[in-house]
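Asker: Right, I'll just put the structure down here and ask away after.
The values are calculated or read from the model by the stated rules, or taken from the named source; none is laboratory data. The model shown is predicted, which means the values in this text are computed figures rather than measured ones. Reconstructed Cβ throughout: ideal geometry from the backbone, glycine too, with neighbour counts over all protein chains shown. Quick note on the areas: whole protein, heavy atoms, side chains included, nothing else; ligands and nucleic acids left out. Shrake-Rupley method; radii C 1.70, N 1.55, O 1.52, S 1.80 Å.
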Amino acid sequence: MTESPRGSLNAQRIIPLATLATPPRGMDPIVVRLNTALSAGIAEILEQERAVLVLSRRSTGRLYLDRHQFSTLAAPPRVEPTADVFLLSVTRNALLRYLPMLAGLPPLSFNMEKGPGAFLLSAGSMLEAGVLEGTIPQTRQRLMQHVTDLLITTILDCLELEVSVAGRRRHRQKHIRHYIETRLHEHDLTPQSIAEASGISTRALYQLFDGEDGAVAGWILNRRLERIHADLTNPTHDALPIARIALNHGFRNAAHFSRRFRQKFGASPREIRQRSALRQGRLEQTGSFGRR
């Protein structure tokens, strides 16, 4: 068998490479090492209409899509510049064209220690180190395609491949409920304020809670009442007045609170506390007899 001429061999290589799928248009992935406070670094890139993925071995990775999403965080990330914190950014519109299910979702969190996130972190650190400097354009394009594919794979893995309408609904509902849980003590917590903080319309928020008793307001009410019931049956809160406990969990009207509490638990707050105290007294008495 005769050996093929070098020129013919190169031609054979070029043909299959040309037929491979191209990376999503306009993603333009860029990796930079964090050299300022994280919040400032992210905000600067978001101003350029680019989405930002924080890559770090010391903390959970986060994807931020826009300024509104980042500014509504209750506690902006506090990661200081270190040798292993990188910011991978891509053109936001291109990313949303490719993964439209990301629109309206809260910031996504990624595991950077294992799975696709670990691969993406390694690729990002190598890119920032300049390993592609001096490579020919075709090689660079192919390797950048791998980076883009890694980013997409990492996002899909984070969503547990739930790219359906039902998957988006579950993901949004989970994060919005967490947002509500952390603010049940706020007297002015309303569906309107929740929707605004979540970057969705009030109508979309109600749709997420469709099927819940009382929809959004009903869910908030139930969670507040359940927390108050837990405090009333907890001996560590015995010295705290019932009105103060209700106030601590978002109730400003004592009569409204008492009425709602009785409707849910079939007894007044005072009766629930007294029953709990009696049970606790019996338990302590039983324990003292057992030690004799």
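Asker: Sorted by average packing, counted as other Cβ atoms within 10 angstrom per residue and highest first, what order do 263-274, 58-69 take?
Answerer: So the order, starting with the most tightly packed, is 58-69, 263-274.
Asker: Whole number in Å², please: accessible area per residue of segment 30-159, 1.4 Å probe, ligands, DNA and RNA not counted.
Answerer: 50 Å²
Asker: First measure r as the distance between the Cβ atoms of Glu196 and Ala243, then evaluate 1/(1 + (r/R0)^6) with R0 = 25 Å and state the FRET efficiency to the nearest 0.05.
Answerer: Given R0 = 25 Å and the Cβ-Cβ separation, E is 0.25.
Asker: By how many nm would the segment from Glu113 to Leu156 grow when fully extended, if each residue of separation counts as 0.36 nm and the alpha-carbon distance is taken off?
Answerer: Extra length available between Glu113 and Leu156 comes to 13.8 nm.
Asker: Follow-up. Kindly state, to the nearest 0.05, the FRET efficiency for Arg183 paired with Thr139, given R0 = 41 Å and r defined as their beta-carbon distance.
Answerer: Step by step, r from the Cβ atoms, then E = 0.20.
Asker: Rolling a 1.4 angstrom probe over the protein heavy atoms, how many square angstrom per residue are accessible across segment 172-281?
Answerer: Ligands and nucleic acids excluded, the figure is 56 Å² per residue.
Asker: Please report, as a whole percent, how much of the solvent-accessible surface of segment 172-281 comes from carbon and sulfur atoms (probe radius 1.4 Å).
Answerer: Carbon plus sulfur share of accessible area: 48 percent.
Asker: For the pair Gln48 and Arg97, how long in nm is the line joining their label points, each one 7 Å along Cα→Cβ?
Answerer: Spacing of the two 7 Å Cα→Cβ label points: 1.9 nm.
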